[in-house]
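Engineer: Please see the structure below; I have some questions.
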Amino acid sequence: MAGRELPSRKEPANSPPKRRAAEYVRMSTDHQKYSTENQSDAIRKYAEERGFELVRSYADAGKSGLRIEGREALQQLIQDVQDGTADFEVILVYDVSRWGRFQDADESAYYEYICRRANKQVEYCAEQFENDGGPVATIVKSVKRAMAGEYSRDLSNKVFIGQCRLIERGFRQGGAAGFGLRRVLLDERGEVKAELKRGEHKSLQTDRVILVARTRR
(Lines give C-alpha, C1' and ligand atoms only; values in the text may rest on other atoms or scores of the structure.)
Protein backbone atom coordinates (compact mmCIF):
# COMPACT_ATOMS: atom_id res chain seq x y z
CA MET A 1 0.00 0.00 0.00
CA ALA A 2 1.46 3.36 -1.04
CA GLY A 3 1.68 6.41 1.16
CA ARG A 4 -1.49 8.34 1.84
CA GLU A 5 -2.37 10.57 -1.09
CA LEU A 6 -2.97 14.21 -0.17
CA PRO A 7 -5.73 16.32 -1.76
CA SER A 8 -4.48 18.60 -4.52
CA ARG A 9 -5.01 22.34 -4.52
CA LYS A 10 -6.20 24.30 -7.50
CA GLU A 11 -3.63 26.80 -8.70
CA PRO A 12 -4.24 29.84 -10.91
CA ALA A 13 -4.16 29.00 -14.60
CA ASN A 14 -1.12 31.22 -15.24
CA SER A 15 0.96 29.94 -12.31
CA PRO A 16 4.05 27.81 -13.09
CA PRO A 17 3.78 24.09 -12.26
CA LYS A 18 5.05 23.17 -8.81
CA ARG A 19 7.47 20.35 -8.08
CA ARG A 20 5.66 17.39 -6.57
CA ALA A 21 6.78 16.36 -3.09
CA ALA A 22 6.06 13.70 -0.48
CA GLU A 23 6.45 14.07 3.26
CA TYR A 24 7.86 11.49 5.62
CA VAL A 25 7.09 11.95 9.33
CA ARG A 26 8.02 9.74 12.26
CA MET A 27 7.20 9.97 15.93
CA SER A 28 8.48 7.71 18.67
CA THR A 29 7.39 8.29 22.25
CA ASP A 30 10.23 10.52 23.41
CA HIS A 31 9.22 14.11 22.59
CA GLN A 32 5.86 15.78 21.98
CA LYS A 33 7.60 18.43 19.89
CA TYR A 34 8.20 15.64 17.37
CA SER A 35 4.50 14.80 17.00
CA THR A 36 3.54 13.97 13.43
CA GLU A 37 1.22 17.00 13.38
CA ASN A 38 4.00 19.40 14.35
CA GLN A 39 6.31 17.88 11.77
CA SER A 40 3.65 18.15 9.07
CA ASP A 41 2.99 21.80 9.92
CA ALA A 42 6.68 22.64 9.54
CA ILE A 43 6.94 20.63 6.32
CA ARG A 44 3.90 22.34 4.79
CA LYS A 45 5.30 25.75 5.62
CA TYR A 46 8.63 24.75 4.04
CA ALA A 47 6.82 23.43 0.95
CA GLU A 48 4.89 26.67 0.49
CA GLU A 49 8.06 28.75 0.80
CA ARG A 50 9.93 26.58 -1.70
CA GLY A 51 7.09 26.15 -4.17
CA PHE A 52 6.47 22.43 -3.64
CA GLU A 53 3.12 20.68 -3.97
CA LEU A 54 2.65 18.00 -1.32
CA VAL A 55 0.96 15.04 -2.98
CA ARG A 56 1.68 12.13 -0.64
CA SER A 57 2.31 11.46 3.05
CA TYR A 58 4.20 8.60 4.68
CA ALA A 59 3.84 8.41 8.47
CA ASP A 60 5.36 6.12 11.07
CA ALA A 61 3.64 6.90 14.37
CA GLY A 62 5.04 5.50 17.60
CA LYS A 63 8.01 3.93 15.82
CA SER A 64 11.61 3.86 16.97
CA GLY A 65 14.20 5.24 14.57
CA LEU A 66 16.92 2.75 15.55
CA ARG A 67 16.22 0.42 12.63
CA ILE A 68 14.05 0.18 9.54
CA GLU A 69 12.27 -2.98 10.74
CA GLY A 70 8.77 -2.11 11.93
CA ARG A 71 8.75 1.24 10.11
CA GLU A 72 6.24 0.27 7.44
CA ALA A 73 5.89 3.79 6.01
CA LEU A 74 9.63 4.25 5.43
CA GLN A 75 9.86 0.77 3.93
CA GLN A 76 6.96 1.62 1.61
CA LEU A 77 8.57 4.92 0.66
CA ILE A 78 11.83 3.20 -0.27
CA GLN A 79 9.95 0.52 -2.20
CA ASP A 80 7.91 3.10 -4.14
CA VAL A 81 11.12 4.90 -5.05
CA GLN A 82 12.87 1.70 -6.15
CA ASP A 83 9.84 0.41 -8.07
CA GLY A 84 9.51 3.65 -10.00
CA THR A 85 5.94 4.18 -8.77
CA ALA A 86 6.74 7.29 -6.71
CA ASP A 87 4.79 10.19 -8.24
CA PHE A 88 6.95 12.91 -6.69
CA GLU A 89 10.39 14.45 -7.12
CA VAL A 90 11.26 15.51 -3.57
CA ILE A 91 10.98 13.89 -0.13
CA LEU A 92 10.51 16.35 2.73
CA VAL A 93 11.57 15.31 6.24
CA TYR A 94 11.50 17.45 9.39
CA ASP A 95 15.14 16.83 10.35
CA VAL A 96 17.92 14.24 10.20
CA SER A 97 16.76 12.45 13.38
CA ARG A 98 13.25 11.89 11.96
CA TRP A 99 14.78 10.05 8.99
CA GLY A 100 16.28 7.77 11.62
CA ARG A 101 18.48 7.36 14.68
CA PHE A 102 20.30 4.43 13.11
CA GLN A 103 23.14 3.09 15.22
CA ASP A 104 25.22 2.86 12.04
CA ALA A 105 25.27 6.30 10.41
CA ASP A 106 26.05 4.66 7.07
CA GLU A 107 22.65 2.95 7.12
CA SER A 108 20.89 6.31 7.28
CA ALA A 109 23.05 7.57 4.40
CA TYR A 110 22.32 4.39 2.41
CA TYR A 111 18.54 4.91 2.41
CA GLU A 112 18.99 8.52 1.34
CA TYR A 113 21.34 7.36 -1.42
CA ILE A 114 18.67 4.97 -2.73
CA CYS A 115 16.34 7.95 -3.11
CA ARG A 116 18.96 10.17 -4.69
CA ARG A 117 19.94 7.43 -7.15
CA ALA A 118 16.31 7.39 -8.31
CA ASN A 119 16.39 11.20 -8.73
CA LYS A 120 14.35 11.78 -5.55
CA GLN A 121 15.93 14.54 -3.50
CA VAL A 122 15.64 14.34 0.30
CA GLU A 123 15.34 17.71 2.03
CA TYR A 124 15.39 18.35 5.79
CA CYS A 125 13.04 21.22 6.55
CA ALA A 126 14.18 22.18 10.07
CA GLU A 127 17.92 21.93 9.49
CA GLN A 128 20.15 24.94 8.97
CA PHE A 129 21.91 23.51 5.90
CA GLU A 130 20.84 22.88 2.34
CA ASN A 131 21.01 19.19 1.44
CA ASP A 132 22.60 19.94 -1.91
CA GLY A 133 25.28 17.26 -1.93
CA GLY A 134 28.04 19.78 -1.27
CA PRO A 135 30.92 19.21 1.19
CA VAL A 136 29.29 21.29 3.94
CA ALA A 137 26.02 19.33 3.77
CA THR A 138 27.92 16.04 3.70
CA ILE A 139 29.96 16.89 6.79
CA VAL A 140 27.03 18.31 8.77
CA LYS A 141 24.79 15.35 7.93
CA SER A 142 27.48 12.90 9.00
CA VAL A 143 27.85 14.65 12.35
CA LYS A 144 24.09 14.88 12.91
CA ARG A 145 23.58 11.22 12.00
CA ALA A 146 26.26 10.21 14.49
CA MET A 147 24.70 12.48 17.14
CA ALA A 148 21.24 11.01 16.51
CA GLY A 149 22.55 7.49 17.02
CA GLU A 150 24.50 8.50 20.12
CA TYR A 151 21.40 10.14 21.59
CA SER A 152 19.54 6.84 21.38
CA ARG A 153 22.41 4.92 22.97
CA ASP A 154 22.69 7.47 25.77
CA LEU A 155 18.93 7.47 26.34
CA SER A 156 18.88 3.67 26.46
CA ASN A 157 21.63 3.66 29.10
CA LYS A 158 19.81 6.24 31.21
CA VAL A 159 16.55 4.30 31.03
CA PHE A 160 18.32 1.09 32.03
CA ILE A 161 20.06 2.73 34.99
CA GLY A 162 16.78 4.31 36.09
CA GLN A 163 14.98 0.98 35.93
CA CYS A 164 17.73 -0.70 37.95
CA ARG A 165 17.40 1.93 40.68
CA LEU A 166 13.63 1.45 40.85
CA ILE A 167 14.04 -2.32 41.04
CA GLU A 168 16.53 -1.90 43.91
CA ARG A 169 13.86 0.11 45.74
CA GLY A 170 11.38 -2.73 45.32
CA PHE A 171 9.24 -1.34 42.51
CA ARG A 172 7.88 -3.59 39.76
CA GLN A 173 8.93 -2.69 36.22
CA GLY A 174 6.41 -4.72 34.27
CA GLY A 175 4.95 -8.13 33.64
CA ALA A 176 2.28 -10.16 35.37
CA ALA A 177 2.53 -10.91 39.07
CA GLY A 178 3.73 -14.37 40.05
CA PHE A 179 1.61 -17.05 41.73
CA GLY A 180 0.27 -15.86 45.08
CA LEU A 181 1.15 -12.21 44.40
CA ARG A 182 -0.80 -9.17 43.29
CA ARG A 183 0.20 -5.80 41.89
CA VAL A 184 -0.57 -2.72 43.95
CA LEU A 185 -0.37 0.86 42.68
CA LEU A 186 1.33 3.50 44.85
CA ASP A 187 1.23 7.28 44.42
CA GLU A 188 4.30 9.54 44.58
CA ARG A 189 4.06 9.61 48.41
CA GLY A 190 4.14 5.83 48.60
CA GLU A 191 0.49 5.53 49.60
CA VAL A 192 -1.69 2.77 48.16
CA LYS A 193 -4.04 3.89 45.40
CA ALA A 194 -5.52 0.66 44.09
CA GLU A 195 -4.90 -2.92 43.13
CA LEU A 196 -4.11 -3.40 39.46
CA LYS A 197 -6.16 -6.09 37.79
CA ARG A 198 -4.94 -8.18 34.87
CA GLY A 199 -4.36 -5.97 31.84
CA GLU A 200 -4.37 -2.71 33.83
CA HIS A 201 -1.35 -0.42 33.93
CA LYS A 202 -0.32 2.76 35.71
CA SER A 203 -1.20 6.00 33.93
CA LEU A 204 0.94 8.55 35.79
CA GLN A 205 4.72 8.86 35.49
CA THR A 206 5.10 9.36 39.24
CA ASP A 207 3.10 6.26 40.23
CA ARG A 208 4.88 3.05 41.18
CA VAL A 209 3.89 -0.62 41.28
CA ILE A 210 4.83 -3.12 43.98
CA LEU A 211 4.08 -6.81 44.53
CA VAL A 212 2.34 -7.94 47.69
CA ALA A 213 1.21 -11.35 48.89
CA ARG A 214 -2.32 -12.30 47.94
CA THR A 215 -4.34 -12.88 51.08
CA ARG A 216 -6.86 -15.68 51.41
CA ARG A 217 -10.48 -14.72 51.78
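Engineer: When the C-alpha atoms of the stretch 23-100 are aligned to their principal axes, what extent does each axis show, in angstrom, from largest down?
Structural biologist: Ordered largest first, the stretch 23-100 gives principal extents of 32, 29, 16 Å.
Engineer: If you roll a 1.4 Å probe over the stretch 41-139 with all protein chains in place, what percent of the accessible area is carbon or sulfur?
Structural biologist: Within the stretch 41-139, the accessible surface is 45 percent carbon and sulfur.
Engineer: Based on the mean of other Cβ atoms within 10 Å per residue, sort peptides 191-198, 98-105, 207-214 so the most packed one is first.
Structural biologist: 98-105, 207-214, 191-198
Engineer: What does the charge dipole of the stretch 74-130 about its Cα centre add up to, to the nearest 20 debye, if the Cβ of each Lys and Arg holds +1 and the Cβ of each Asp and Glu holds -1?
Structural biologist: For this selection, approximately 60 debye.
Engineer: Once R0 is set to 41 Å, what does the formula 1/(1 + (r/R0)^6) return for the Cβ-Cβ distance between Ala194 and Ala146, expressed as a FRET efficiency to the nearest 0.05?
Structural biologist: Approximately 0.35, to the nearest 0.05.
Engineer: In nm, to one decimal, how far is the modelled label at Gln103 from the one at Leu211, with both set 7 Å along Cα→Cβ?
Structural biologist: Here the answer is 2.9 nm between the modelled labels.
The values are calculated or read from the model by the stated rules, or taken from the named source; none is laboratory data. Since the model is a prediction, treat every value here as computed from it, not as a measurement. Quick reminder, even Gly has a Cβ in these numbers, built from the backbone with ideal geometry, and neighbours come from all protein chains shown. For the accessible areas, the whole protein counts, side chains as well, though only heavy atoms, and no ligand, DNA or RNA atoms are used. Shrake-Rupley method; radii C 1.70, N 1.55, O 1.52, S 1.80 Å.
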